[in-house]
Amino acid sequence: MSGGGSSAVSHIGVLKALEENNIPIDYITGTSMGALVGGLYAAGYSPQEIEEVFLSDKFKEWAEGNLDKKYSYFLREKDATPSMITFKLDLDTLLETSLPTNLISPTAMDYGLMQYFAPSTAAAANNFDNLFIPYRCVASDIISKKVFVLKEGKMATAIRASMSYPFYLTPIPYDDKLLFDGGLYNNFPADVMVNDFSPDYIIGSNVSSNFETPDEDNLVSQVKAIIVDNTAYSIPENVPSIIIEPESSDFSLLEFDKNEALIKIGYDAAIKQIESIKKGVQRRVNVFDLIEQRKSYKKKLPKLIFDDLEVTGMKAAQNMYVRKSMRFKGDTVSAERLNSEYIKVSSDDKIKKIYPEAEFNEETQRFTLKLKAKKAKDLFVSFGGVFSSRPINEAYIGLQYNLLGKTAVSILANTYFGKLHNSVTGGFRLDFPLRIPFYWKTTFTIDGWDYFKSSSTFFEDTKPSFLVVNDQYVRSEVAFPIAYKGKVIIEGTAGEMENKYYQTREFLSTDTTDKTMFRNFSLGLNFERNSLDMKQYASKGSYFSFGGRFIKGKESTRPGSTSIVKEEFDTLVDWFRVKITYDKYFELTKSIRLGVFAEGVYSNQPFFNNYTASILSAQAFEPLSESKTLFQENFRAHSYFAVGLKNIYQLSKNMQLRFEGYLFQPHQNILQGDDKKAYYGRVWDEGHFIYSSSLVYTTPLGPIAFNANYYDKFEEHWSFMFHFGYLIFNKKSLD
């Protein structure tokens, strides 16, 4: 069986046709994807079972390098940032060894291959001649630049090596070799079949060919010509044979979403030549006998149950961090149950990769899960931000330095700089992999918002009042997990907010602003659960948050030259706030999704000295990305509820059209009196609406979006905005 990427899925159809026509299969050799299909057959899986594997969601996750998101560990995830690209560096080697070597993560594939092949490998005592069907696969040793034939060892490792296509999957270290895809040097191992098994008749299944002459303007074709040797897609003349060649050349190398069609192509190609095969192969195998043989073989296979865990590859303390993170208690546990812990640890950003192997113990008839781990680079440098048609452009730089031992320590820093928002944060985070894991994070943040400078260029005659918000605070939090997607956060903050503003639109550059200082501390308890698929413009999963916060502080207001009241004001204030947020997406059809949003806030917060200071300290409703960049008085209140609906049309894999509508209903609107003081409107008197439509294209760096937003009772109802990147900011002190 040849390699050939997705085209090699056609081999499954060939196997189906041969079995249906009672053609015996005594030996198998394969390369790359042919090695996987042939390996499954050699390990006792029927063509129908192999077909189920390749049509499953699990195989799609393998091909795309995705992990089962329900097991990704929310506790270990960092706060969302506008990062677009991250470089992972060692301070001594820097860029040379920090460039990515693969397009997809092999994590899910590696564990899946181990699950499928560990029992057969154990029963065969690591000898591929002892499998249900004797088997060989080939890989390419790029150190010696030779073909390497795999005939013993861990079957999962052999097949993974044979599939390690350059830049798509990472290579596999094997003794003193570095093994890549077998197709580099031998994409049709007919010679291996002849040399190792000396068969009477060979059936070849080939979906590949040698590459065309490289094009001077095509870099990919040039690289292929450099690293790939031509293969003789033929069988030695002295052996009776036939080659089946399914017509699958129209499918791209990694197009694994057409597997059903590819299997049929392989089946049809084999059926066309089945009479010729029958003439060359006189012996027949009864299908029912074959089924019984498989049942008998599988009954003798040990169940993949683990009773021990070993971690190697790093320093002893670092290996212990991984072991404790796996929460392996020493009891027997199935591979399926342990998969969730494996995914959890694999998604830890301090671990670069983990390669699993199952070692069978003859005495206990159980397996040891051996994990070979590799630490991630020490320093992460992230770049991102947003480019927008409004004057809210912003650049972002994030730094994370990791120190991994029995406890993981991360030194954190980031900075935002732009016309609207400037911020800098520094701090640390400690992850403790105990029986009940938790983290402790402490940061110091200086945050600044200038709503006057960032006023919209679309409406030059409409200027907001001068408004500058400065916020500096220390936040410390401890969080514990609730299952895989939830966490409970206990936090405290201490800081100072400074608001500079005019309470009139008629002011000169020589006027001085009013200034309100609020020195405060707060204590909060919050539960969060997050399974959203994107950090912005999500369309799958859900988010739920519920928590309370007690806030106490001293308000100090100093009037400016335009203020009606000239007396300075100082007072102590405190209040309690409860907030709940729910955001969930439902898949109605393959291309249509419905989002439901709800948010409620209750607070006994008192008014500050004047209306502007009161509205600035009130809770803001910000459902859209753009909302966070606007100061909207009508969408702030002490207590409110809000609901929203989102219609999302998935135009293509990366493009969506969104229509969103929200109702914001304050318990009582905060209004301004003639004396510039704040007072409450009538209970449940007047709600406010937001409507939004967005065309969003998701790129590997971030979203490209065009928004048309309508804000009820805002000075300018309509806002049109184009942006590339993320409108995500550091948390504010009282959020």
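For the residue pairs 303/352; 552/677; 329/584; 145/374, alpha carbon separations beyond 28 Å are given by 303/352; 329/584. Taking the longest Cα principal axis of the chain as reference, the axis of helix 316-326 is set at about 80 degrees.
Listed by chain and number, the aspartates and glutamates whose alpha-carbon sits under 17 Å from that of residue 350, ignoring those within fewer than 8 places in the same chain, are 77, 79, 90, 341, 378, 431. Sorted largest first by accessible area at a 1.4 angstrom probe radius, with every protein chain in place, the residues 367, 720 fall in the order 720, 367. Ranked by the mean number of other Cβ atoms within 10 Å per residue, highest first, peptides 508-519, 25-36, 594-605 order as 25-36, 594-605, 508-519.
Over the chain, calculate the relative contact order: mean separation of alpha carbon pairs under 8 Å at least 6 apart, over the residue count, as a percent. Don't jump to the answer; show the numbers that get you there.
Details: 1759 pairs, mean separation 75.6, N = 735.
Computed over the chain, the figure is 10 percent.
Measuring between alpha carbons in the structure, the pairs from 264/653; 154/344; 70/535; 69/441 lying more than 19 angstrom apart are 264/653; 154/344; 69/441.
Count Lys and Arg as plus one, Asp and Glu as minus one, and take only other residues whose Cβ is under 11 Å from that of residue 59; the net charge is then -4. The share of Cα pairs per 10 Å bin across region 381-512, counted from zero up to the longest distance, runs 11, 28, 29, 19, 10, 3, 0 percent. Per-residue SASA remark: residue 667, around 60 Å² accessible (1.4 Å probe; ligands, DNA and RNA not included).
Among 57, 129, the order of accessible area from largest down is 57, 129, computed with a 1.4 Å probe on protein heavy atoms.
I'd like the orientation of helix 287-299 relative to the chain: the angle between its Cα long axis and the longest Cα principal axis, in ° from 0 to 90, rounded to 10. Around 60 degrees separate the two axes.
Over 27 Å between Cα atoms: which of 58/177; 298/540; 78/579; 151/370; 353/732 fall into that group? Going by Cα-Cα distance, 58/177; 298/540; 353/732 fall outside the 27 Å limit.
For semi-axes √(5λ) of the Cα gyration tensor in Å, several values are listed as (1) 47, 27, 22; (2) 61, 27, 23; (3) 42, 31, 25; flag the one computed from this structure. So the structure-derived entry is (2). In terms of accessible area, using a 1.4 Å probe and ignoring ligands and nucleic acids, 87, 288 rank largest first as 288, 87. Dividing the summed helix terms, -39500 (n - 2.57) for each DSSP H run of n ≥ 4, by the number of residues in the chain produces a 222 nm estimate of -6000 deg cm²/dmol to the nearest 500.
Extension gain for residue 411-residue 587 works out to 59.4 nm (0.36 nm per residue, less the C-alpha to C-alpha distance).
Taking 17 Å as the straight-line reach from the Cα of residue 566, the aspartates and glutamates in range (excluding those fewer than 8 positions away in the same chain) are 511, 514, 555, 674, 675.
Each Lys or Arg adds one and each Asp or Glu takes one away; over the other residues whose Cβ falls under 15 Å from the Cβ of residue 284, this sums to -3. Using a probe of 1.4 Å, the accessible surface attributed to residue 543 totals some 50 Å² when neighbouring protein chains are kept in position. Other residues with beta-carbon under 14 Å from the beta-carbon of residue 693 carry, at +1 per Lys or Arg and -1 per Asp or Glu, a net charge of 0. Heavy-atom accessible surface of residue 198, to the nearest 10 Å², is about 90 Å², with a 1.4 Å probe and all protein chains retained.
The values are calculated or read from the model by the stated rules, or taken from the named source; none is laboratory data. Keep in mind it's a predicted model, so treat the numbers as computed, not measured. Every residue, glycine as well, gets a Cβ built from its backbone with ideal geometry; the counts of neighbours run over all protein chains shown. Side chains included, ligands, DNA and RNA excluded: accessible areas come from the protein's heavy atoms. Shrake-Rupley method; radii C 1.70, N 1.55, O 1.52, S 1.80 Å.
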